[in-house]
Amino acid sequence: MKLDKRMTALFSEIPKNINLADIGADHGIVSINYALNNPSNFVVGSDISKKSIEKAAKTAKKLNLTNYYTTVGNGLAPIKNFDIDVILISGMGGEEIIKIIDSNKKYPFYVLSPQKNSDKVRLYLKNNNLKAVKDYKVLSDSKFYDIIVCTQGVYNPTEFEVQFGSGKGEDFKLFSTHTTEYLTKLLQTIKKEEDRFAVIQKLNLLSVANNN
């Protein structure tokens with residue numbers, strides 16, 4: 001199964017030979033690929049929408065996967081009786097990811113890709129003994145995505161890291177240039193002083209990264 005750049009990044013961050021749960025799996029392309037490449041481990045694809053998870057179930061059946069299971073339900077509740085090592089959550093907003101992680105027991109390893117509000121996810125990690133061991137951006141199909149890999153541990157991100165992640169990689173350089181141009185134009189249209197301050201603060205953080 002073909003993976004785009006974002007999915008390839010997510011797949012690459014999942015350790016080999018573990019039991020995986022893909023939360024909000026929808027078509028389940030990443031987790032199905034994982035099941036194909038790790039036949040001795042089981043993988044669970046879960047989604048709150050029965051219609052959505054049926055896509056993954058049909059694909060797994062077509063591929064004759066015997067180690068891929070699907071379930072329907074909210075957040076991590078449907079997988080509570082499974083022996084899971086790694087949680088994959090992508091394709092949803094940061095606030096939704098926080099709700100899912102916060103309402104259940106903590107797992108040893110997470111691979112997260114918030115569609116928005118990544119800064120809120122990072123602050124949640126900081127305040128809940130979860131450490132981002134990798135945090136970078138991927139440009140896929142003309143859109144920038146955050147990939148956050150985290151484990152149990154102490155996490156004290158800088159203001160820059162809260163806003164933008166590690167700032168490493170070629171895709172981040174493109175993100176920084178694009179975002180600086182966008183925020184500079186946006187600043188010209190903002191009237192409220194507090195909103196202007198927030199934009200200027202981000203520009204200042206990016207300026208430091210651009211000069212390094």
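The values are calculated or read from the model by the stated rules, or taken from the named source; none is laboratory data. Since the model is a prediction, treat every value here as computed from it, not as a measurement. So basically every Cβ, Gly included, is an ideal-geometry build from the backbone, and we count neighbours across all protein chains shown. Ligands, DNA and RNA are stripped out before the accessible areas are found, and what is left, the full protein with its side chains, is counted by its heavy atoms. Shrake-Rupley method; radii C 1.70, N 1.55, O 1.52, S 1.80 Å.
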_Not counting ligands, DNA or RNA, and with a 1.4 Å probe, what is Leu36's accessible surface area in Å² rounded to the nearest 10?_
70
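Given a Förster distance of 41 Å, report the FRET efficiency between Leu63 and Lys120 from their Cβ-Cβ distance, rounded to the nearest 0.05.
0.65
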*Ratio of the chain's C-alpha Rg to 2.2 N^0.38 Å, to two decimals?*
1.09
*On the first, second and third principal axes, largest extent first, how far apart are the outermost C-alpha atoms of the range 1-58 in Å?*
29, 25, 17
*asked:* Compute for the range 157-208: radius of gyration divided by Kirkwood radius, i.e. Rg/Rh, restricted to C-alpha atoms, rounded to two decimals.
replied: 1.00
*Using 1/(1 + (r/R0)^6) with R0 = 30 angstrom and r between the beta carbons of Thr177 and Met1, what's the FRET efficiency to the nearest 0.05?*
0.35
*Where the only charges are on Cβ atoms (+1 Lys, Arg; -1 Asp, Glu), what is the dipole of the chain about its Cα centre, to the nearest 20 debye?*
320
*Check Phe109: other-chain or 5+ apart residues with amide H under 5 Å from its amide H, H built from backbone geometry?*
Ile87
*Using every alpha carbon pair in the range 33-88, what percent of pairs falls into each 10 Å bin from 0 up to the bin containing the largest distance?*
23, 56, 21
*List the lysines whose alpha-carbon lies under 30 Å from that of Lys62, not counting same-chain residues fewer than 8 positions away?*
Lys2, Lys5, Lys16, Lys50, Lys51, Lys80
*Measure off 7 Å from each Cα along the Cα-to-Cβ vector at Thr8 and Ile48, then give the distance between these two points in nanometres to one decimal.*
3.2
*Obtain the nm distance between the two label points defined at Ser140 and Lys192 by a simple spin-label model: each point lies 7 Å from its Cα along the Cα-to-C-beta direction.*
3.4
*asked:* Can you compute 3J(HN,Hα) from phi for each residue in the range 66-80, using the Karplus curve 6.51 cos²θ - 1.76 cosθ + 1.60 with θ = phi - 60°, rounded to whole Hz and x for Gly and Pro?
replied: 9, 10, 10, 10, 10, 8, 10, x, 8, x, 8, 4, x, 10, 4
*Enumerate the calculated ³J(HN,Hα) couplings along the range 119-124 in order (Karplus 6.51 cos²θ - 1.76 cosθ + 1.60, θ = phi - 60°), each rounded to whole Hz, writing x wherever the residue is Gly or Pro.*
4, 5, 5, 5, 5, 4
*By a straight-distance test (C-alpha under 13 Å), which aspartates and glutamates pair with Lys168 as possible cross-link partners, with residues fewer than eight away in the same chain excluded?*
Asp135, Asp146
